[in-house]
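The next block holds one structure in the form of structure tokens; read it before the comments.
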Amino acid sequence: AVPPTAVTPAAPAPSGAMAMTIPTPQPAAPSTGGGLLQTSLALIFVIGLMLGLAWLTKRFGPRNFGGGNSNIKLVGTLSVGTRERILVVEVGEQWIVVGASPGRMNALATMPRQESSEPLPTAALPSANFAEWFKQTIDKRNGK
């Protein structure tokens, strides 16, 4: 009888041809050249696509998307402030003068369609010669 506290020796591990070995996978060396080339080509493709879309938008912009037989045409614009513009829109046989600012558009005037291709005379804006306008404004304030 074997005492309960006695330990039997384990069988020795087989050696030689009978030994079992588990191969451990070796980590592959990262290929930085191929990944960098692929990333660079993808970036160049995306930038080229963006430039192409920008060119198409400029070439066939909002003025030309309506088609050749559109009844609404933008005749001209004038910037009167940093975010304010005056637009002249041709609708059928009349022109509508529109004031546009962020969040608001107002019809300012309506006139018959002009046949001449000459630009309409514009009022002189103070920004045309800022130095002269500024000098006149200072002189007016000083009472001269």
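The values are calculated or read from the model by the stated rules, or taken from the named source; none is laboratory data. The structure displayed is predicted, hence computed values, not measured ones. Every residue, glycine as well, gets a Cβ built from its backbone with ideal geometry; the counts of neighbours run over all protein chains shown. Note: areas computed on protein heavy atoms with side chains; ligands, DNA, RNA excluded. Shrake-Rupley method; radii C 1.70, N 1.55, O 1.52, S 1.80 Å.
Listed values, structure above:
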item	result
Verdict on Ala19 being among the aliphatic types (A, V, I, L, M), open to solvent by less than 80 Å² (accessible area, probe 1.4 Å) and modelled with pLDDT under 80	yes
Count of residues meeting criterion [farther than 11 Å from Lys73 by Cβ, in contact with a strand residue (DSSP E or B) (Cβ under 9 Å, 6 or more places away or on another chain), assigned to a strand (DSSP E or B) and open to solvent by 50 Å² or more (accessible area, probe 1.4 Å)] in segment 84-113	10
Residue in segment 124-136 that is modelled with pLDDT of 85 or more, closer than 19 Å to Ser79 by Cβ and either open to solvent by 80 Å² or more (accessible area, probe 1.4 Å) or touching a Ser or Thr at 6+ places or on another chain (Cβ under 7 Å) (or both) present	no
Test set (1) over 24 Å from the mean Cα position of the chain (by Cα); (2) surrounded by 10 or more Cβ atoms within 10 Å (Cβ to Cβ); (3) modelled with pLDDT of 85 or more - Ile72 fails condition number	(3)
